[in-house]
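**Student:** Please find one structure pasted underneath; my questions will follow.
The numbers here are math on the coordinates, done by the rules we state, and not lab data. Predicted model, so just to flag it, every value in this text is computed and none were measured. No Cβ is skipped: glycine too gets one built from the backbone with ideal geometry, and neighbour counts run over all protein chains shown.
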Amino acid sequence: MFCGEESGRAAALDLAFCELMFAMAGSLLHGMAMCAAESVPFEDLLKVVKGLIPEWFEDFATKGTETGDYEAGNSAMTTNAAALSNIVRVSREADIDARLPGALLCGFKRAIELGHGPDDLPSLHQAFKPPRSARGHRGAQLNGVRGQPHGLAPVPAPKACSYKNKSEARWSDR
């Protein structure tokens with residue numbers, strides 16, 4: 001696809017497209033983890049978002065989430081993390097708030113730490129799941145608690161990414 005004569009135009013469009021794909025996939029996979037915490041089948045979520053996201057994307061982003069088989073097919077999580085790290089770097093260099101791609105990068109790096117480096121993007125789902133020790137104890141957080149806005153119980157902030165420098169993020173949940 002020809003993007004024009006201007007220097008940097010194709011690169012900017014490529015980075016914006018990649019970030020959009022990563023954000024859509026990340027949001028869908030995070031929503032699936034929230035539903036799983038309440039024993040809601042992910043098919044129910046897909047019914048709700050039908051029409052908001054293309055069907056091909058739905059199939060791509062959810063491949064392997066039920067079975068845990070995230071075989072590489074498009075790009076490895078290590079490749080995705082490198083691309084997203086580049087998006088964070090370029091954003092910061094342009095003085096653009098990089099917290100959104102930075103948060104996604106934390107999830108990507110967490111998936112890699114969990115052993116999904118060679119796996120495809122849907123393995124990001126594993127980074128969002130609660131630790132095994134906490135599974136099955138999430139109901140009160142989503143089912144509503146009196147006195148809390150929107151019925152959500154207060155949840156302690158998770159350990160999150162911290163930045164060593166402007167271009168590098170790491171997961172600090174150890």
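**Student:** Provide a single number: the residues in the range 91-112 that are surrounded by fewer than 18 Cβ atoms within 10 Å (Cβ to Cβ) and assigned to a helix (DSSP H, G or I).
**Tutor:** Residues in the range 91-112 being surrounded by fewer than 18 Cβ atoms within 10 Å (Cβ to Cβ) and assigned to a helix (DSSP H, G or I): 5 in total.
**Student:** Let me ask something additional. Failed condition for Ser7, given (1) more than 20 Å from the chain's Cα centre (by Cα); (2) surrounded by 12 or more Cβ atoms within 10 Å (Cβ to Cβ), with all others met?
**Tutor:** (2)
**Student:** Go through (1) out of contact with any Ser or Thr (no Cβ under 9 Å at 6 or more places or on another chain); (2) under 26 Å from Pro41 (Cα atoms); (3) of a type outside the set (Phe, Trp, Tyr) and name the single condition Gly64 misses.
**Tutor:** Gly64 satisfies every listed condition except (1).
**Student:** I'm told Val40 meets every condition in (1) in contact with a strand residue (DSSP E or B) (Cβ under 7 Å, 6 or more places away or on another chain); (2) part of a loop (DSSP other than H, G, I, E, B); (3) hydrophobic (A, V, I, L, M, F, W, C) except one. Can you identify the failing condition by its number?
**Tutor:** (1)
**Student:** Condition first: farther than 21 Å from Gln126 by Cα and either β-branched (Val, Ile, Thr) or in contact with a Gly (Cβ under 7 Å, 6 or more places away or on another chain) (or both). Now tell me which residues in the range 76-116 satisfy that.
**Tutor:** Ile87, Val88, Val90, Ile96
**Student:** While we're on this one: Could you list all residues from the range 61-89 that are surrounded by 17 or more Cβ atoms within 10 Å (Cβ to Cβ), part of a helix (DSSP H, G or I) and hydrophobic (A, V, I, L, M, F, W, C)?
**Tutor:** Across the range 61-89, the qualifying residues are Ala61, Met77, Ala81, Ala83, Leu84, Ile87, Val88.
**Student:** Quick check on the range 17-35. Is at least one of its residues of a type in the set (Gly, Ala, Ser) and touching a Lys or Arg at 6+ places or on another chain (Cβ under 7 Å)?
**Tutor:** yes
**Student:** Let me ask something additional. Return the pair list, or none, for Cβ contacts closer than 9 Å from residues in the range 82-99 that are more than 15 Å from Ala11 (Cβ to Cβ) and free of Cβ contacts under 8 Å to residues at least 12 places away in the same chain to residues that are of a type in the set (Val, Ile, Thr) and surrounded by 12 or more Cβ atoms within 10 Å (Cβ to Cβ), at least 6 apart or on different chains.
**Tutor:** Within 9 Å, the pairs are Ala98/Ile87; Ala98/Val88; Ala98/Val90.
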